[in-house]
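Student: One structure coming up, written as structure tokens, with questions to follow.
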Amino acid sequence: MSIIRLVKKAQKGDDKAFLKLFQKYEQDIYRMAYVYVKNKEDTLDVVQEVAYRSFKKIDTLKKPEYFKTWLIKITISCAIDCLRKNKKVVQLKTEYEEIISSDVEDIPLSLSLHQLLDELNENEKSIVILKFYEGYSFKEIAELLNIPLGTSKSILYRALDKLRKQVKGADICEK
């Protein structure tokens, strides 16, 4: 059965059609949420919230062919909400406790891709993830985030420039 027909059935209240649709994209939702929140528990919370919000609001989807895009947009929104909620909580990872308690003054830093992405603001991070992790075009990103096409391009190029500078800075620190 086509996605469009399933979406139309779900919009008319067919729970089984919605479940089929959601399960089809559940892994995409999980991956997108994980890139933002970076732990299994919060990711599962985001997926659950996406399921709830999308189920409640499926009747607001105007173009059934954009169902996946609509789900990804909800996922980004839920993930950002989760991050904001968790921002108030400061957690210290156990591997950093030893470093902090030691008397070593100069510690070489290594940056992972996730750490680099964390340095970007929410708009920049969203566009980088959508472009390079999910493979969306600039036009699709602009529609997904409700921003002009040119803005999506300039935000991406600004984000990439920030990332380049961070990587160069990390290289200098490690030498």
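Every residue, every condition in (1) farther than 21 Å from residue 43 by Cβ; (2) at pLDDT below 90, yes or no:
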| position | (1), (2) |
| --- | --- |
| 59 | yes, no |
| 64 | yes, no |
| 73 | no, no |
| 77 | no, no |
| 80 | no, yes |
| 89 | no, yes |
| 93 | no, yes |
| 104 | yes, yes |
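Student: Moving on to the next point. Look through 22, 18 and report the one residue that is in contact with a Phe, Trp or Tyr (Cβ under 7 Å, 6 or more places away or on another chain), open to solvent by less than 60 Å² (accessible area, probe 1.4 Å) and among the aromatic types (Phe, Trp, Tyr). Please lay out each step first, then the result.
Tutor: Details: 22 fails: in contact with a Phe, Trp or Tyr (Cβ under 7 Å, 6 or more places away or on another chain).
From the options 22, 18, the qualifying one is 18.
Student: Let me ask something else. Looking at the stretch 25-68 only, could you name the residues that are open to solvent by less than 80 Å² (accessible area, probe 1.4 Å) and of a type in the set (A, V, I, L, M, F, W, C)?
Tutor: Correct list: 29, 32, 33, 35, 37, 46, 47, 50, 51, 58, 61, 67.
Student: Moving on to the next point. Testing residue 122 on (1) closer than 17 Å to residue 66 by Cβ; (2) of a type in the set (D, E, K, R); (3) modelled with pLDDT under 85, one condition comes back false. Which one is that?
Tutor: (1)
Student: In addition: Answer yes if at least one residue in the stretch 13-25 is under 23 Å from residue 134 (Cα atoms), among the hydroxyl-bearing types (Ser, Thr, Tyr) and at pLDDT below 90, and no otherwise.
Tutor: The first filter runs over the stretch 13-25 and keeps only residues under 23 Å from residue 134 (Cα atoms), leaving 18-25.
Remaining after also requiring among the hydroxyl-bearing types (Ser, Thr, Tyr): 25.
Applying the additional criterion that residues be at pLDDT below 90 yields none.
Checking the stretch 13-25: not a single residue is under 23 Å from residue 134 (Cα atoms), among the hydroxyl-bearing types (Ser, Thr, Tyr) and at pLDDT below 90.
Student: Note down all Cβ pairs under 9 Å where the first residue falls in the stretch 156-167 and is under 18 Å from residue 135 (Cα atoms), the second is surrounded by 16 or more Cβ atoms within 10 Å (Cβ to Cβ) and among the basic types (Lys, Arg), and they're at least six residues apart or on different chains.
Tutor: If the second residue must be surrounded by 16 or more Cβ atoms within 10 Å (Cβ to Cβ) and among the basic types (Lys, Arg), the pairs left are 156/131; 159/125.
The values are calculated or read from the model by the stated rules, or taken from the named source; none is laboratory data. Quantities reported herein were computed from a predicted structural model and do not represent experimental measurements. As a convention, Cβ positions derive from the backbone with ideal geometry for all residues, glycine included, and neighbour counts pool all protein chains shown. To get the accessible areas, we keep the full protein, side chains included, count just its heavy atoms, and leave off ligands, DNA and RNA. Shrake-Rupley method; radii C 1.70, N 1.55, O 1.52, S 1.80 Å.
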